[in-house]
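Contents: one structure, followed by commentary.
The values are calculated or read from the model by the stated rules, or taken from the named source; none is laboratory data. Keep in mind it's a predicted model, so treat the numbers as computed, not measured. Cβ: placed from backbone, ideal geometry, glycine included. Neighbour counts: every protein chain shown. What goes into the accessible areas is simple: the full protein's heavy atoms, side chains included, and nothing from ligands, DNA or RNA. Shrake-Rupley method; radii C 1.70, N 1.55, O 1.52, S 1.80 Å.
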Amino acid sequence: RAKTLGKNHWKIYSDQVDDSERSDLSLESAMYQGIENGEFMLHYQPIFCAQTGQLRGAEALMRWKNPNQGFIPPIKFIPLAENSGLIKILGAWALRSACYQAKQWQNAGLKDFYISVNVSPRQFVQEDFLEMINGVLSESGLLPQNLMLEITEGVLMENPQRSGEILTQLHVAGVKIAIDDFGTGYSSLAYLKKFPLSVLKIDKSFVDDVINCAKDMAIIGTILSLAEGLNLMVVAEGVENDAQLGFLKQEGCNLVQGYLTGRPVHSEDFKDKYLA
Ligand code: C2E
Ligand code: MG
Ligand code: MG
Ligand code: MG
């Protein structure tokens, strides 16, 4: 259709648009192919008690290894999967795999271990989401309190009515909810009062510079006291050094996740590292 536009400057413009559309399209079809070929897998990043250093759970993080392009990062393919609707397939697969994996590790000795799974906005509001969660829980045998779903503030703000219904039903079912990247979204504090949440995940951007930046210190301190008052647990994300860990521990942060305490790893490596 670019060709029918004729005029040269229009054509140049259209060619550029077509290029990015084409690359999205080819990535999308590569994704279809990749699902069929089993190119997607989950890595697991450990989450520890900040105070005792005890392993408490793990976040499941999606990985895509394409035979031609190598590892394609989630920030590249998740938005595309979200737009194309493929996220429903990928998301359901991730939830299922993560729950079975967590149950297996519990059976192998990790008591009260929880698994945290990212849920994208479109996936969260799909009609059969609750059905899917309940199905995965009953089939895997994982207790609902050992499943944490990570959603972002944007999900709650975009569709508060529908989100509220889903969150209430998940809460009744016993499933835990975490707000991912807390403090970075376009949101209001009112939802903390309105919705049944369990965990706030402090975004890495506040943790990065916390040792040198009084503002980040104040923000993290405030999130921690807010969470305490609301009876929520806090996970600090992106902890990379001892100074950050020391600060978080001293301020009473509950849980930590980051390269310092453990990178996301393949399930086999997770087992070797963290199971006796
Ligand atoms: P997120 O859920 O906030 O995940 C945390 C990201 O921070 C992960 O990036 C993790 O590898 C990285 N990270 C953890 N600790 C550190 C650290 O100490 N330093 C640094 N530099 N990075 C750290 P990853 O795996 O690339 O995932 C990026 C985002 O993609 C995730 O952010 C999440 O929003 C999305 N994502 C990943 N897997 C899934 C999935 O299964 N479903 C959905 N819907 N989204 C996913
Ligand atoms: Mg997350
Ligand atoms: Mg995050
Ligand atoms: Mg994120």
Next on the checklist: Scan the range 133-148 and tell me whether some residue there is within 25 Å of T222 (Cβ to Cβ), within 16 Å of ligand 4 (Cβ to nearest atom) and either of a type in the set (S, T, N, Q) or out of contact with any helix residue (DSSP H, G or I) (no Cβ under 6 Å at 6 or more places or on another chain) (or both).
Outcome noted: yes
Checklist entry - Which numbered condition trips up T261, out of (1) within 30 Å of M132 (Cβ to Cβ); (2) within 16 Å of ligand 2 (Cβ to nearest atom); (3) surrounded by 15 or more Cβ atoms within 10 Å (Cβ to Cβ)? => result (1)
Checklist outcome for this item: Among the residues of the range 138-164, the number that are hydrophobic (A, V, I, L, M, F, W, C), assigned to a helix (DSSP H, G or I) and under 20 Å from I47 (Cβ atoms) is 0
Checklist entry - In the range 231-253, how many residues are without any contact (Cβ under 8 Å) to a residue 60 or more places away in the chain and open to solvent by 70 Å² or more (accessible area, probe 1.4 Å)? => result 6
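Every residue, every condition in (1) acidic (D, E); (2) away from ligand 3 (no atom under 16 Å from the Cβ); (3) within 17 Å of the chain's Cα centre (by Cα), yes or no:
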residue: P73; (1), (2), (3): no, no, yes
residue: K76; (1), (2), (3): no, yes, yes
residue: C99; (1), (2), (3): no, yes, yes
residue: Q104; (1), (2), (3): no, yes, no
residue: S116; (1), (2), (3): no, no, yes
residue: D128; (1), (2), (3): yes, yes, no
residue: M132; (1), (2), (3): no, yes, no
residue: G135; (1), (2), (3): no, yes, no
residue: I151; (1), (2), (3): no, no, yes
Checklist entry - Does E228 satisfy being more than 16 Å from ligand 3 (Cβ to nearest atom), under 16 Å from A50 (Cβ atoms) and open to solvent by 20 Å² or more (accessible area, probe 1.4 Å)? => result yes
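Condition check ((1) at pLDDT 90 or above; (2) away from ligand 1 (no atom under 15 Å from the Cβ); (3) buried (at least 21 other Cβ atoms within 10 Å of the Cβ)) across all residues:
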residue: E153; (1), (2), (3): yes, no, no
residue: G164; (1), (2), (3): yes, yes, no
residue: L167; (1), (2), (3): yes, yes, yes
residue: D181; (1), (2), (3): yes, no, no
residue: A190; (1), (2), (3): no, yes, no
residue: K193; (1), (2), (3): yes, yes, no
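Looking at the range 212-219, is at least one residue surrounded by 17 or more Cβ atoms within 10 Å (Cβ to Cβ), within 23 Å of I151 (Cβ to Cβ) and away from ligand 3 (no atom under 15 Å from the Cβ)? Break it down into steps so the answer makes sense when it comes.
So the first thing to find is which residues in the range 212-219 are surrounded by 17 or more Cβ atoms within 10 Å (Cβ to Cβ), and the list is 216, 219.
Add one more test, that the residue is within 23 Å of I151 (Cβ to Cβ), and what stays is 219.
Retained after the next criterion (residues that are away from ligand 3 (no atom under 15 Å from the Cβ)): 219.
Yes, some residue in the range 212-219 is surrounded by 17 or more Cβ atoms within 10 Å (Cβ to Cβ), within 23 Å of I151 (Cβ to Cβ) and away from ligand 3 (no atom under 15 Å from the Cβ).
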